[in-house]
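Here the structure comes first, spelled out in structure tokens, and everything after it is commentary.
The values are calculated or read from the model by the stated rules, or taken from the named source; none is laboratory data. It should be emphasised that the depicted structure is a prediction, and the values quoted were computed from it without experimental measurement. Neighbour counts are summed over all protein chains in view; Cβ atoms, including those assigned to glycine, are modelled from backbone coordinates with ideal geometry. Note: accessible area is taken over every heavy atom of the protein model, side chains too, but ligands, DNA and RNA are not part of it. Shrake-Rupley method; radii C 1.70, N 1.55, O 1.52, S 1.80 Å.
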Amino acid sequence: MKKTLTTAAVLSALSCVASATEVTLYGVVDTGFTYQHTEGGDDSFAMTSGNYAGPRFGFKGTEDLGDNLTLGFVLEAGFNSDTGAQGEDGKIFNRESQIYLSGDWGTLGFGRVGGFSSGMSSLSWYWDFEPFETGYVDAGIQASQVNVWNVHSNTIYYVSPTFAGAKLGVQYSLTNEADDENVRWVNNSKWLNVALRWDGNNVKVIGAVEAEFYGDSSEYYGTGYDTKNWEDAFSYKLAATWTPGGGATTLYAGLNYFTNNRRMSDANWNEYDFDSDLLKTSSDAYDAISGFLGVRYTVGSANWLAQVQYQDGEFEGAPSGQDGDFKRYAVGLGCHYYFSNRTMGYAVVSWAKGEGWLNKDENTTNRTAASIGLTHSF
């Protein structure tokens, strides 16, 4: 009898919470196969997850506080759908964890989120500005751009109301991509992102500034590097899409210029440290400019996709007598086939080739990749 009463009390409490706050369970499962041929490494064929979209599940909810004020939250956990493994050790909600207030004046939020000019988290305003939506090895713009897949902890952000199709977003992270805040403010690296997006009838445009302010002595991407002498990094992005007459064809174009970044692109994430000793000690890092052109053509339930990218840059920390110039070319071709609004099949191939500093024997980012799979959202 006591257990029955206790259970009834718990169910009653949960019912009261549910009636006060609207909570939604959502997620994505994405599993397929990827073949990859690399010039500087072995060929591989494996079952892979997250080729198009990172597998995840999450909870999001809102509560009406009255006077046009709404409280909301998002808690999102990543995982590998081919193994069931947790997306990141030590974090349950590694992809997003935030709480926010919205009103007529805009939205103010706090927590762990992705940048407005990234392809990550519910705050992303950038993912739909290229045909591959920041997925697939080197097919998406992560092949030539930085800060596409980044998530930042301890972040404060503001989003303005929308005026004539335009909205402004500003976010500031107290620790950049680190989690723990150092008791000395000057030791923490910080992150700033300002973005302006405009949506018209058949045209969309976004412009953004990203900045990493390195602390006197802080953890950088889990490396433990001393960042005291590093020059701050800046990135500038501009992109647009156009669907002529609202028809079957959508055209994409964009630019990214960055200076003093510690990697050449997000697709080269695992390769940014192939000269890690230089990156640890050099105050300067990578400067580059990149551009892309893409197209999506819809025929029935299929979207046919194509994109070309070009990057031209220099490693400013190259030792005396060594040429730090580099170039990278990337091409992506593919198809998204929609079985329903929630289920999509994909087949995508990409090719990428570097020159100069990016064409070393130990570099494995000169590669061809092909992915096929299914993704389902719920």
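Structural remarks
- Region 83-170: C-alpha gyration tensor shape, a/c 1.5 cut-off, then a/b vs b/c: oblate
- Taking amide H as placed 1.01 Å from N in the peptide plane, ASN94 has its amide H under 5 Å from the amide H of GLY78, each at least 5 places away in sequence or on another chain.
- Evaluated over the Cα positions of the chain, the convex hull gives a direction-averaged projected area, one quarter of its surface, of 22.1 nm².
- Crossing angle, helix 2-20 versus the chain [Cα axis fit, 0-90 degrees, rounded to tens]: 70 degrees
- Dipole-positive endmost among THR241, MET344, GLY32 within the chain (Cβ charges, Cα centre): MET344
- Each residue of region 226-237 was assigned a 3J(HN,Hα) from its phi angle through the Karplus curve 6.51 cos²θ - 1.76 cosθ + 1.60 (θ = phi - 60°); the sequence is 7, 9, 4, 9, 6, 6, 4, 9, 9, 9, 10, 10 Hz, with glycine and proline shown as x.
- Value of relative contact order over the chain, rounded to a whole percent, pairs C-alpha under 8 Å and six or more apart: 14 percent
- Ellipsoid semi-axes for region 29-110, based on the Cα gyration tensor and the rule √(5λ), read 38, 13, 11 Å when sorted largest first.
- When region 241-378 is described by a simple charge dipole with +1 on each Lys and Arg Cβ and -1 on each Asp and Glu Cβ, the residue from ALA267, THR368, ALA306 located farthest towards its positive end is ALA306.
- Structure-based [θ]222 nm, the chain - -39500 (n - 2.57) summed over DSSP H runs of at least 4, per residue, nearest 500: -2000 deg cm²/dmol
- Accessible area of the chain belonging to carbon and sulfur atoms, whole % at 1.4 Å probe: 58 percent
- Gaussian network model of the chain, springs between alpha carbon atoms under 10 Å - residue of ALA248, ALA330, ALA211 with greatest fluctuation: ALA248
- Under the Karplus curve 6.51 cos²θ - 1.76 cosθ + 1.60, θ = phi - 60°, whole-Hz ³J(HN,Hα) for region 151-160, x wherever Gly or Pro sits: 10, 10, 8, 6, 10, 10, 9, 9, 10, 6
- Rounded to the nearest 20 debye, dipole of the chain from Cβ charges on Lys, Arg, Asp, Glu: 1420 debye
- Simple label model, 7 Å out from Cα along Cβ direction - GLU22 to GLU231, nm: 5.0 nm
- Largest first, the residues MET344, MET47 sort by 1.4 Å accessible area into MET47, MET344.
- Charge sum, other residues only, whose C-beta stays under 15 Å from PHE163's C-beta, Lys/Arg counted +1 and Asp/Glu -1: 0
- Estimated at 0.36 nm per residue, the fully extended path between ASP89 and THR62 surpasses their Cα-Cα distance by 6.9 nm.
- Computed label-point distance, nm, for sites TRP198 and GLU355 using a 7 Å Cα→Cβ extension: 3.6 nm
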